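> Got a structure here, written out as structure tokens. Questions coming.
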Amino acid sequence: MAWKPTEIPDQTGRTFVITGANGGLGAITTEVLAANGATVIMACRNAEKAKAVADAIPGDVRVAELDLSDLASVRKFADAQGEFDVLINNAGLMNVPFSRTKDGFETQWGVDHLAHFALTGLLLDRITDRVVTLASIAHRQTPKLWVDDLNYEHRRYQRNLAYAQAKLSNLMFARELQRRLAEAGSDKRSYAVHPGVAATDLFSRTETPIDKIIKPFVALVGHAPRKAVHSTLFAATMPDADPQVYWGPRRFFETQGPVAAAPSSRLSKKQDLWKRLWEESERFTGITYKF
């Protein structure tokens, strides 16, 4: 029988930090967690917009400013946090024109992966339970991981490949974090999930004419945003969720369906690349994890 959010255990007394929660899947995830008794900290770049969303959600929902395009903001946010249970690395950009973050990172890789790598490392000693990182079926769209040029210093920028690299990095990071936690004998867990495909504003920020027409098409191919959050909620709340499994829908080329053990590309399973990506992420961010 398909898993449903009605199976979420009571989350009273548990605190979740979720990035990019002021819209789309992040806002729905926040709403469901709060409805089940959780305290939710919405970590968002636009605190004013996030507050309007938070005010409309019943329960203990708080807002904290976090700009993932600026490592100084990541550090400031992390410094202000106390102990909490679950970090959900949800925020992301998709197929945007070339630009660089305040720290000089290619924006999609910098925001989607490097900032979350830094945030997780800075908060790891205060996370009591688990980390959930959102990857994507788009991780399959890159033929390789350019470990010698992850930051687009020497190759031509292709927005779709940059997004695929960022989501492959999310998946590899989550798996390598779980491997290192287990190796250290930690009870903490790291999960990789994907939401399938859902018609959110993520599809309308490419700054191209397609922004105006893409969402209705996506809605036909994928599933409703309220179903797309199921894999995140499952991994974030279910006590017996297996961290070795990549959780997400499997139907219709993994675009829709109930939470299941989802397949991933052969490239995503190469542990030597997990290690190389980790080392490069430490080098770019200056963050070294302490297990």
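The values are calculated or read from the model by the stated rules, or taken from the named source; none is laboratory data. Remember, predicted model here, so these are calculated numbers, not experimental data. In this analysis, Cβ positions are derived from the backbone assuming ideal geometry, glycine residues included, and neighbour counts consider all displayed protein chains.
> Please verify whether Val40 is closer than 19 Å to Leu233 by Cβ, under 18 Å from the mean Cα position of the chain (by Cα) and not basic (Lys, Arg), treating the condition exactly as stated. Walk me through it before giving the result.
On the way: closer than 19 Å to Leu233 by Cβ: yes; under 18 Å from the mean Cα position of the chain (by Cα): yes; not basic (Lys, Arg): yes.
So Val40 fits the description; yes.
> Look through the range 180-210, keep the residues that are closer than 19 Å to Ala166 by Cα and among the hydrophobic types (A, V, I, L, M, F, W, C), and return whichever of them is modelled with the lowest pLDDT.
By that ranking, first place goes to Phe203.
> For the range 141-185, give me each residue that is on the phi < 0 side of the Ramachandran plot and among the hydroxyl-bearing types (Ser, Thr, Tyr).
Within the range 141-185, the first condition is being on the phi < 0 side of the Ramachandran plot, and the residues that meet it are 141-151, 153-184.
Within the range 141-185, Thr142, Tyr157, Tyr163, Ser169 meet the criteria.
> Go over the candidates Leu150, Leu123 one by one and state the one that is at pLDDT 95 or above and either touching a Ser or Thr at 6+ places or on another chain (Cβ under 9 Å) or acidic (Asp, Glu) (or both).
Only one candidate qualifies: Leu150.
> Does Gln165 satisfy the criteria of being of a type in the set (S, T, N, Q), buried (at least 23 other Cβ atoms within 10 Å of the Cβ), over 17 Å from Ile88 (Cβ atoms) and modelled with pLDDT of 95 or more?
Values: of a type in the set (S, T, N, Q): yes; buried (at least 23 other Cβ atoms within 10 Å of the Cβ): yes; over 17 Å from Ile88 (Cβ atoms): yes; modelled with pLDDT of 95 or more: yes.
Here the answer is yes, as Gln165 does meet what is asked.
> Let me ask something else. Any idea which of Ala118, Ala56, Ala78, Ala135 is within 27 Å of Phe234 (Cβ to Cβ) and in contact with a strand residue (DSSP E or B) (Cβ under 9 Å, 6 or more places away or on another chain)? First the steps, then the outcome.
Details: Ala118 fails: in contact with a strand residue (DSSP E or B) (Cβ under 9 Å, 6 or more places away or on another chain); Ala56 fails: in contact with a strand residue (DSSP E or B) (Cβ under 9 Å, 6 or more places away or on another chain); Ala78 fails: in contact with a strand residue (DSSP E or B) (Cβ under 9 Å, 6 or more places away or on another chain).
Being within 27 Å of Phe234 (Cβ to Cβ) and in contact with a strand residue (DSSP E or B) (Cβ under 9 Å, 6 or more places away or on another chain) holds for just one of Ala118, Ala56, Ala78, Ala135, which is Ala135.
> Could you say whether any residue in the range 265-285 is in a strand (DSSP E or B) and of a type outside the set (A, V, I, L, M)?
Taking the range 265-285 and keeping what is in a strand (DSSP E or B), we get none.
No: zero hits.
> Would you check which residues across the range 218-261 are at pLDDT 95 or above, in contact with a Ser or Thr (Cβ under 8 Å, 6 or more places away or on another chain), not in a helix (DSSP H, G or I) and not hydroxyl-bearing (Ser, Thr, Tyr) and list them?
Val229, Pro243, Trp247, Gly248, Pro249, Val259
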